[in-house]
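The values are calculated or read from the model by the stated rules, or taken from the named source; none is laboratory data. A quick note: this is a predicted structure, and the numbers were derived from the prediction, not measured. Don't worry about glycine lacking a Cβ; one is built from the backbone with ideal geometry, like all the others, and counts go over all protein chains shown. Each accessible area value is taken on the protein alone, full model and side chains, heavy atoms only, with ligands, DNA and RNA left out. Shrake-Rupley method; radii C 1.70, N 1.55, O 1.52, S 1.80 Å.
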Amino acid sequence: MTSPASWNRRQIITTALGAAVGLLPGCRYRRTPLSPLPPGELVGADFSLGHLVRDQARNDSLFDDSQLASLPRVECDVVIVGAGVSGLSAARRLKQQGIDDLVVLELESVSGGTARGDQAGAFSTPVPWGAHYIPAPMKHQTELIALLEELGALEGVDSEGHPIPREEWSPRAPESRFWFRGSWYEGLYAWPGASDDDLNQLHKFESLIDAWVAWRDEQGRRAFIIPADQGSDSAEVRALDRLSMHDWLVSHELTSERLLDYVDYACRDDYGLGLRQTSAWAGLFYFAARQATPEGESRPYLTWPEGNGFVTRFLARGLNRLETSTAVARVIPAASVSERARVIAVRPDGSRRLFAAKQVVFAAPQMLAPYMIAGYDSSALLPWRGTDGEGDNATESNEEAWEAAPATRGEAAREFRYAAWVVANLQLDRAPKETGHELAWDNVILGSKSLGYLATSYQRGDDHGPPVWSWYYPVIDDDPSQPRRRLLELDRDAWAEIVLTDLERAHGDIRERVQRLDVMRWGHAMIQPVPGFRFGAARRLGSEPWRGIHFAHSDTSGLPLFEEAFERGLRVADAIAKRLKDDAGEEAA
Amino acid sequence: MRQASLLLLNVFVIAICGLVYELVAGALASYVLGDSVTQFSTCIGVYLSAMGLGAWLSRFVENSASRVFVEVELAVALIGGFSAPLLFSAFAYGAFFRPLLYLIVGIVGTLVGLELPLLMRILRDSLAFKDLISRVLTFDYIGALVASIAFPLFLVPQLGLIRTSLVFGIANALVGLWGTWLLADSIHRGLTLLRWRAGIVIVLLVGGVIQADRFTQWSEERLYDGQIIHSSTSNYQRIVVTSDQVGFQLYLNGNLQFSSVDEYRYHEALVHPAVRSFIEQERVPRRALILGGGDGLAMRELLRYSSLESLTLVDLDPAMTELASTFDPLVELNQASLLDPRVEVVNDDAMLWLEQPHEPFDVVIIDFPDPSNYALGKLYTTRFFRMLSRVVTDDSRVAIQATSPLFTRRCFWCILRTMEAADWHVLPYQASVPSFGVWGFGLAAREPLVAPSTAPDGLKHLDADTMQSLFRLPTDLGPIPVEIQRLDNQILVRYHDEAAMVTPESL
Ligand SMILES: Cc1cc2nc3c(=O)[nH]c(=O)nc-3n(C[C@H](O)[C@H](O)[C@H](O)COP(=O)(O)OP(=O)(O)OC[C@H]3O[C@@H](n4cnc5c(N)ncnc54)[C@H](O)[C@@H]3O)c2cc1C
């Protein structure tokens, strides 16, 4: 295998975008000499602090009692590790519950986690660097509705009582278009030239989704609903988690190329996973959970120029003790009920502090827990429940699912797998050339491994000013022999080349138009709902609290979604609030 | 051998010319008929099959290959060279564009298809077969490459379609002329006559190049009824002013904006109801805003009110407001309204301009083009009308042009209903403007309002009686159920597209 540094342009491009790109029509005559790349930089991820904590976390001698006794000590009720959506929602809920003595610690210099965006930076509009939309909630999602109402993001309700998104924060029409055989078309499904069979299969797929929307278990629960925990876990639903979305489609005789591409796009878009790697449960979730009624429309989206960073900024605003550029290196659980957990955090200058908290919210990815939480890795599991028996949601005994249960917490945590992503923002001087349907919010290049681009400036209502586009790329390892994951190590210039080559298919003069191109690389960004994960033992275990440490990250839901992160944050906060109040009651008694 | 290399050079030139004609036809067809994918593929299809026909026909040329080659060059030069001007004229006269297009493409294709087989036969004697094939095809493909790169990068931007086709016609004719020397040995008789003919073809084409500018203007004039007295292309639109016996007209992207003959009907109806309605509340208007209206005509009407101290006009296109302030016929018509010291002209997207804070206005006049695309559609959304409410007070009056309630009835009601959905109170009204037919407007305020019953003195169209009659809507213009125009549905643009078929002529 070659290392990325020694790749040539061709290898990089074909690895990133597929062999077909080199053979595009038009490229034959127009093999333009490589024009110089626009300026720009790699943004985000504070690697130096990241490395610092990683080194520290591996060095147990830094955390013995004598060492810790000398650190500055901060006492508080709750420490929250990680200021992504889940950590920030937990903080907000705790405050609502009257628990003000809390500290949020965040490794990066800005809060928001994978939902971060830039409000005013190098671009002529705010830009997203990660998560960028939320489907408007249905009426049962009362807590999310309350948050969005506070944000002013809703405008009344529709005839069925579901909230309507605020107009300018809903994708502008036309919502999406796709590039296909030399032209843009409206929509996402490749309809031009589709055969009757293709269309019949599409309709069959849609009616299968409708059937799942209508489906209820004996307890009257839907199969797919947001948050996912409110959905059914009956055998029929769990069975869906055992096969891939691809196999599910094929088992229904859905093999139309166009349909498979369409569903594959959906899986890559939401999970950073291909059709063959996504669990059928998750694949169906994407379509069915967002539909209120069979045959109804999908819920409209809410989106902001800086993506979901708009919401995290709001969530962070009310917090007076949110410490950024502060990485947690170690969490030492309380030795007894009367003692406090100790959380040791590092600043970029190497200085350390110790936070002594009654309860801890772990809102960073589970995969880090074995390295960060003392004793976690080797903590053996009683048959299949949390070791301290704190959990109360693992009530059902679906023995078969637990057969291959991990033996330790650490083993469970290592079953959490994450998708890597690359996001680029481009500043153009004016609209590039194109043919076919007018610009849309979401612009998808069919046949590309990228997801295309969001017209960020267009969404702001700007039709004539310099455009800003946000380009998304999930790094998918469908073939282990392909060094695709190494793409992530490529530098800004290599990525800029990939982005421009990708966009060049639809916009011949993109290289002349682009004035700046910044790149964000996300290493372990999104939990991957591969077959077996959602209903498997590892996920269940990872979401059980452990010795006063509560896990809130969206990965514990098995779905990389805002609503899940939000919901987990709330539930964890409620559990902590109850515990603290009970303890206070006992003390008083 | 020397002759062979020179002939190969010919192959190169011929290849460039051949591809250029094809590209010219494709580009013109896309320009005129739209849908470039279809136009290009049909042009290429016809062209390639005609080339096949030409190649096949070459077998019927017996021993006079050289002469026929020169003749073919001259014919290609003439037909290919004049293809763009011919097609433009057909378009301008609105007649037989499509048949002519395919006829020209077919003839040029056939002739071009003849070229290579003939040349190969001529070269057959001086080159080995494998060399012959390899060299001829190489030069042919290189020529195609040069043409395909030069066409979009240099030819179209620098020369334009008409000159491009003429210039390459000249190149073809020169190849023919040169052939009369290169191939003199094998042509034998009638050389002089051939040379004369080549000369005539070249003269014709050169004449065409010299006249190209006037021709472009001429063909453009055919597209409009009147004579073009100004035309320019700004970053946003194509602006054309035409004039005829009775007056002059402004077109934006080919859509008539006004005709000087009856624009006063439109602009009086647009402006005075709002101002009178404000005054009839016993208020004195001081500040007014015009959104759109870069022609300065609505401003002319506003300036009749001497109490107005501050007038702001927000129009996207600096080229339009510039024209309205400098182009004599227009300045005369708008009475130099945009040059009035009380007037401030802002060139910005009205939607983005409304995002900034502004002092409230007493009167707002909205005069945008019809909602024919998404960028215009956004100016008629609930979002827009909500933003608008931030620059008014409860007493302020807003008037909006709202398309024709007759030809685009759904658009008309959609615009008014959308304003209502954004919490405006709206009175529909209409005026008759011969150039447009029945035209629709809305008079709006934050509080319930009544129609004005007075008009200022000195107007050409409105007096107190007509003012009141504007607000009486005949039954056939009455309300119909419509959806509300939002940024995330742009239903109005769809209504407009669907109605675009109905025009005064088709009724
Ligand atoms: C490119 C991309 C696009 C996406 N698009 C969407 C979308 O459109 N809609 C959607 O719903 N979801 C989307 N997602 C999923 C998104 O991840 C979730 O919606 C949600 O934001 C996850 O929040 P979280 O709190 O669970 O996790 P995270 O966002 O991962 O937050 C974890 C936080 O913990 C911090 N942390 C980690 N280690 C430490 C440490 N040692 N000390 C202190 N802090 C630490 C991290 O820096 C981070 O801020 C997208 C994700 C990516 C990567």
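Structure notes:
- With 26 Å as the limit, the listed pairs A:LYS95/A:LYS358; A:LYS433/B:LYS378; A:LYS139/A:LYS358 have A:LYS139/A:LYS358 beyond it between alpha carbons.
- Between segment B:42-103 and segment A:280-313, the Cα center-to-center distance that results, in Å: 56 Å
- Chains B and A together, accessible area buried on both sides, 1.4 angstrom probe, square angstrom: 2000 Å²
- Two-decimal ratio, segment B:263-506, of alpha-carbon radius of gyration to 2.2 N^0.38 Å: 0.94
- Between B:ILE366 and B:LEU291, B:ALA399, B:ILE400, B:GLN401, the built amide H atoms are under 5 Å apart, and every one of these is 5 or more places off in sequence or on another chain.
- Summarising the overall dimensions of the protein assembly as shown from its C-alpha atoms, the Rg and Dmax are 35.5, 127 angstrom.
- Other-chain or far-sequence residues with amide H under 5 Å of B:ARG238's (modelled H): B:ASN253
- Carbon + sulfur, % of accessible area of segment B:268-339 - ligands and nucleic acids excluded, 1.4 Å: 47 percent
- Angle in degrees between helix B:2-33 and the longest Cα principal axis of chain B, rounded to the nearest 10: 20 degrees
- Taking every DSSP helix (H) stretch of at least 4 residues in chain B, weighting each as -39,500 (n - 2.57) and dividing the sum by the residue count yields a mean residue ellipticity at 222 nm of -17500 deg cm²/dmol.
- Surface per residue (accessible, 1.4 Å probe) for chain A, Å²: 40 Å²
- Relative contact order, whole percent, for chain A stands at 24, derived from Cα pairs under 8 Å and 6 or more residues apart.
- Loop-located chymotrypsin sites (Phe, Trp or Tyr not before Pro) in segment B:45-147 whose Cβ has at most 12 other Cβ within 10 Å (DSSP): B:TYR93, B:PHE96
- Surface composition of segment B:2-219: carbon and sulfur make up 69 percent of the accessible area, probe 1.4 Å.
- Calculated accessible area for chain B comes out at 42 Å² per residue, all protein chains present (probe 1.4 Å; ligands, DNA, RNA ignored).
- Against chain B, whose longest principal axis is taken from its Cα atoms, helix B:160-182 shows a tilt of about 10°.
- Reduction of at least 30 Å² in accessible surface, 1.4 Å probe, comparing all protein chains with the chain by itself, residues of segment A:426-455: A:GLU438
- Helix B:409-421 vs. chain B, principal-axis angle (Cα, 0 to 90°, nearest 10): 50 degrees
- Solvent-accessible area lost in complex, 50 Å² minimum, residues of segment B:463-491 relative to chain alone, 1.4 Å: B:ARG486, B:LEU487, B:ASP488
- Chain B shape via C-alpha gyration tensor axes, a/c threshold 1.5: prolate
- 5 angstrom amide H check on A:GLU155, placed H, neighbours 5+ away: A:ILE164, A:ARG166
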